[in-house]
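Single-structure report; data block below.
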Amino acid sequence: MKKNLGIVIMMFLLFPGSAHTAVFPFSFTDSAGNTISIEKPPQRVVSLVPSITEALLRIGAEEVVHGITYHSVLPPQSSAISAVGGFFNPDLDKVAALEPDLIFYADLQQGVRKRFNGRATMVELTPTSIDEGFAQIRLLGRLFNKEKEAAKIINRERQQLQVIADKVDKIPQEKRQRVMRLMGRDTIMAPGDDSFQNEFIRAAGGIAPTWHKNGSIVPVTLEQWQEFNPQILYGCGGDRSTMSILDQPEWNEVDAIKNNKVFFFPCDLTCRAATHTGYFVSWLAARIYNQEFGDEHNFVLAQEIISTKKLALDLDYVQKAEIIETNIKDFRNKTVAVTFKHPMTVVSTLEGQRQGITTVANHYFPPPSWGLGHRQGIEALRQETLQTLHLPEGSTSILFTGADMDNLSVATQRFKEMQVTALVTAGVSSNSVRMSKDTGSFYEPEQAAINKPGTINIMLLTNMQLSPRAMTRALISATEAKSAALQDLDIRSSYSPRIYQATGTGTDNIIVVQGEGYPIDSTGGHTKMGELIARAVYAGVREAVHQQNGLTAQRSIFQRLKERKISLHDLCSKAVNPQQAPPLRAEMEHILLEPRYADFLKAILTVSDDVERGIIEDTSSIDAWIQATASELAGGRDAELKPFIQDNLPQITAKGLAALLAGAQARMEK
């Protein structure tokens, strides 16, 4: 009752009439039924709930956010905010050190409320529906005087939801699919009937299960599983192998598994009723109804240009540069397009050398469109895109990407009269590779072409005139700089992350424009032009990766472990019995919040890479350092390093983690 009352009181925030400058003091009721009175605008906020953190940063309130959990990586502003631990085990001493005047917490974090109640304003916001999620965004907008920004986010997401509703209306009821959100590992779990996650399924046109149980997560019996017989299964993350139960007899006999209809999405979309609700529902719906959504008879929006935004480029031969938003197949696409005053020659890794080019472009089509675009083939996709953009096929050179054009980096380098500009989009979360080590699965003589969106795309423009030789050599300089940026960021291969850094992604492309000005015939590493190309590309790739994936060289050790697919949960579960695993994980997180031990593990990971490559052969001094660290954590006592975690881990990485686990266990015993 209290929770429902709180929701009712907050619902007024959904109405446009409430959009006015916040007047303090004012009161509202949070999700726990507590009446919250805010006397003045909060200035020192700690957010222990990733969905709230995301909303705060996207409405532009980052200047007052002083502490977050390490789970928050996006928006990119997260990288500049102190981490106070994980969602389940925040370090309360670190929270206290930030002297917050307001703390956002979840119902699972009652220890936080007990510690800080009376010392800071405590607010619990836990949405159970899409509308509640929007109401809470609007509430945050009012709290931090960002009501217009909050309203803009809500309107955008509602528009996407309406488009999907209109598209789903065209699908007959007999074709609607039974869809289930997968949770758990060794056992099947699912969201309860009252969870917003089942509302996501219904909004995407799916038939959600009914378990007759409420809650964020409930167990599912084999009988319930077989009775519902899901046709589509989806989960958080990308590691199908962790859900071994899906391969077990009887459990593997449902339609979704027999037909290979098990999908995984980013966890910050599946698990949050936050600022990307419409975006995720669109993506989910497009996976469920891929064939129907690709049928032009089911389109509900005209394929047309929606808006254009000018992009400043200081080059005499550029007539205009702009970012163009379009509707294609009912989803919002974005293109950066540079149009010249007269035709140019370009070199493109996607299209080869082309003459008479008046426009170069890099086109983003969003995840809901990916499967639809792949089915039609690259040439049909190119024709449709250029037609919608009103760009001539014969004189346009275009690249395609899955990285959002909102995260475009424009990097310029100069030396005397010489100038190079790189326009870069980059995403490295799912497609990064270590060339010469990772396996390519596409064998052209035996397979139809597989068209994937480019992930790191670069357009190079200079204020000089590059010869054909200079243009082709620029591809090498740019590629080497791209690889250097990824290595300096320690971007991991998506396919062998525990051993190798990535050198690129499997779908990168570059366009080099001929340009105008003083003739240049060489762009190699010993030339000033080659240096400027490399510097512009290096800076552009680093910025674009940060914008798209939230990754910086200074990111947390928790993020680095995640990128290597190393789970603290799994390590602790193997180290001790199930009852001891949660407190051991909490102790490990607290240890890794200490810079000394976080940097110890970062160093171990770096050394481990060199050992695997054969650069380091004698590891005796490293072993001694690892043992000394374990003893230090154990208070000077000898600590036994257990070998149980060495399975499927590089040897040095396993030993370093074993040292921290041994130290954590010793601290717990003490």
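None of the figures in this text is laboratory data; all of them are computed from the coordinates on show. These figures come from a predicted structure and were not determined experimentally. No Cβ is skipped: glycine too gets one built from the backbone with ideal geometry, and neighbour counts run over all protein chains shown.
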What would the Debye equation give as log₁₀ I(q)/I(0) for the stretch 564-670 at q = 0.18, 0.23 Å⁻¹, counting only Cα atoms as equal point scatterers? -0.84, -1.36
Relative contact order for the chain: what is it in percent, counting Cα pairs under 8 Å that are at least 6 residues apart? 9 percent
If each Cα of the stretch 172-237 is one equal point scatterer, what is log10 of I(q)/I(0) from the Debye formula at q = 0.20, 0.29 Å⁻¹? -0.76, -1.50
Contour minus end-to-end for Leu108 and Asp186, with contour as 0.36 nm per residue of separation and end-to-end as the Cα-Cα distance? 25.8 nm
Kirkwood Rh, Cα Rg: Rg to Rh for the chain? 0.97
Rg ratio (alpha-carbon, reference 2.2 N^0.38 Å) - the stretch 426-558: 1.14
Which pairs break 21 Å Cα to Cα here: Lys170/Lys329; Lys602/Lys670; Lys152/Lys562? Lys602/Lys670; Lys152/Lys562
List every residue whose amide H lies under 5 Å from the amide H of Ile510, counting only residues 5 or more places away in sequence or on a different chain, with H placed 1.01 Å from N in the peptide plane. Thr349, Leu350, Ile458
Per the chain, cysteines lacking a partner by the 4.7 Å Cβ criterion: Cys271, Cys572
Excluding same-chain residues fewer than 8 positions from Lys258, which aspartates and glutamates have a Cα within less than 14 Å of its Cα? Asp247, Glu250
By its C-alpha gyration tensor, with a ≥ b ≥ c as the square roots of the eigenvalues, how is the stretch 119-209 shaped: rounded for a/c under 1.5, else prolate for a/b larger than b/c, else oblate? oblate
Could you work out the per residue convex hull volume over the alpha carbons of the stretch 9-157, in cubic angstrom? 102 Å³
Less than 12 Å Cβ to Cβ from Gly60, Lys/Arg counted +1 and Asp/Glu -1: what total charge do the surrounding residues give? 0
